[in-house]
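The values are calculated or read from the model by the stated rules, or taken from the named source; none is laboratory data. No experiment lies behind these values; they were computed from the predicted model shown. With ideal geometry, Cβ positions are generated from the backbone for all residues, glycine too; neighbour counts draw on all protein chains shown. These area figures cover heavy atoms from the full protein model, side chains too; ligands, DNA and RNA do not enter into them. Shrake-Rupley method; radii C 1.70, N 1.55, O 1.52, S 1.80 Å.
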Amino acid sequence: MRQLRSVLRFILFVTSTLGLYVAWFLLNPFVRNKLYWRQIIFESWTRSFAWIAGMTVEIIGSVPEPPFFLVCNHLSYVDIGAIRSVARGVFVAKSEIKGWFLAGPIVRDMGAVFIDRTNRRDIPRAGAEIVERLDQGEGVVVFPEGTSTKGEDVLPFNSSFLQFAAKSGLPVSYAAITYRTPDGEQPANRMVCWWEDIGFVPHILRLFQVKRFTAVIHFGDAPVMNTDRKLLACELRERVKELFVPVS
C-alpha cells in the first residue's frame with residue numbers, strides 16, 4: 001500500500017509540476033504583470049505539493065509581510081514548499097541546481113537567486129540580485145547553514161550569506177522549521193529530512209510513502225540587525241536555535 005501510494009503521488013507531483021510550468025511558459029508572453037504571474041504559479045505549485053504529499057503547515061508567530069529577508073534552518077527540499085505556502089517570497093539556491101535536468105530551469109524561472117558558495121566574488125552579485133527582489137516587493141528566504149540536516153541541531157550559519165545584509169543594515173527576519181509524523185508512521189528525521197547520501201527521486205519516493213505529516217514553522221518576533229556579518233550570523237543562529245524543536 002505504501003509503495004503504491006508513493007508511486008501514485010510521484011506521478012501526480014511530476015504531472016502537476018510540469019503542467020504548471022507549461023502553463024506559466026505558454027501564458028507568460030500574454031501576461032503584463034510578470035512578477036505577479038510568477039508568484040501565482042509558484043504559490044499554486046507549493047499548494048499542490050502540500051496536498052499531494054499530505055503535508056499540513058502549522059504556524060507559530062507572525063509571518064513577515066514582503067518585502068522581507070528571512071533566514072531559516074534547513075532540513076529538506078520540503079522546506080521550500082512549506083515556507084512558500086505561508087510566506088510569499090523567492091529562495092536563495094546553490095548554483096549547482098542550475099545544472100539539474102528540468103528542475104534547474106524551473107527553479108530559475110520561479111525567481112530563485114543562485115549563489116556560488118565556493119566563489120567569494122559571486123557573493124556581491126547575489127547580494128545585488130537579492131536587493132533587486134526586495135525592491136520589487138518580494139520576500140527572500142535563505143538557508144545559511146548551507147546544507148540540509150537530520151534535524152538534531154542548527155548548524156553554524158555561513159556569514160557570507162549575510163554579507164550584503166550587514167553591509168546595508170538590512171533587518172533580517174528569522175524562523176525555525178521542524179517536522180513531525182503521526183503515531184504509527186516512520187520518523188520524520190528519516191522520511192522528511194534529506195541528509196543521507198540518497199538522490200532526490202529515491203528520497204521523494206520515500207517521503208510519499210508517509211500518509212501525512214506536519215511542518216511546524218516558528219517565526220521570530222522581530223528582525224535582527226548588525227553591521228558585522230559574523231556577529232549577525234551568530235545572533236541569528238542563536239535566535240533560530242531558541243525556536244527550533246529537534247526532529248524525531
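In the set Asn226, Asn189, which member is open to solvent by 20 Å² or more (accessible area, probe 1.4 Å) and not in a loop (DSSP other than H, G, I, E, B)?
Asn189
Among the residues that make up the range 116-137, is at least one of them in a strand (DSSP E or B) and either among the charged types (D, E, K, R) or open to solvent by less than 30 Å² (accessible area, probe 1.4 Å) (or both)?
Looking for residues that are in a strand (DSSP E or B) and either among the charged types (D, E, K, R) or open to solvent by less than 30 Å² (accessible area, probe 1.4 Å) (or both), one finds none in the range 116-137, hence no.
Look through the range 96-110, keep the residues that are more than 18 Å from Gly19 (Cβ to Cβ) and outside any loop (DSSP other than H, G, I, E, B), and return whichever of them is least open to solvent (accessible area, probe 1.4 Å).
Selected residue: Gly104.
Condition check ((1) over 16 Å from the mean Cα position of the chain (by Cα); (2) buried (at least 16 other Cβ atoms within 10 Å of the Cβ); (3) among the charged types (D, E, K, R); (4) not in a strand (DSSP E or B)) across all residues:
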| site | (1), (2), (3), (4) |
| --- | --- |
| Trp37 | yes, yes, no, yes |
| Ile40 | yes, no, no, yes |
| Ser44 | no, no, no, yes |
| Ser62 | yes, no, no, yes |
| Val71 | no, yes, no, no |
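Residues Val245, Val210: which one is under 24 Å from Ile11 (Cβ atoms), assigned to a loop (DSSP other than H, G, I, E, B) and in contact (Cβ under 8 Å) with a residue 40 or more places away in the chain?
Val210 is the lone residue from the list that is under 24 Å from Ile11 (Cβ atoms), assigned to a loop (DSSP other than H, G, I, E, B) and in contact (Cβ under 8 Å) with a residue 40 or more places away in the chain.
Residue by residue through the range 46-60, note down the ones that are part of a helix (DSSP H, G or I), among the hydrophobic types (A, V, I, L, M, F, W, C) and either open to solvent by 50 Å² or more (accessible area, probe 1.4 Å) or at pLDDT below 95 (or both).
Trp51
Filter the range 155-169 down to the residues that are at pLDDT 95 or above and either open to solvent by 40 Å² or more (accessible area, probe 1.4 Å) or in a helix (DSSP H, G or I) (or both) and list them by number.
Leu155, Pro156
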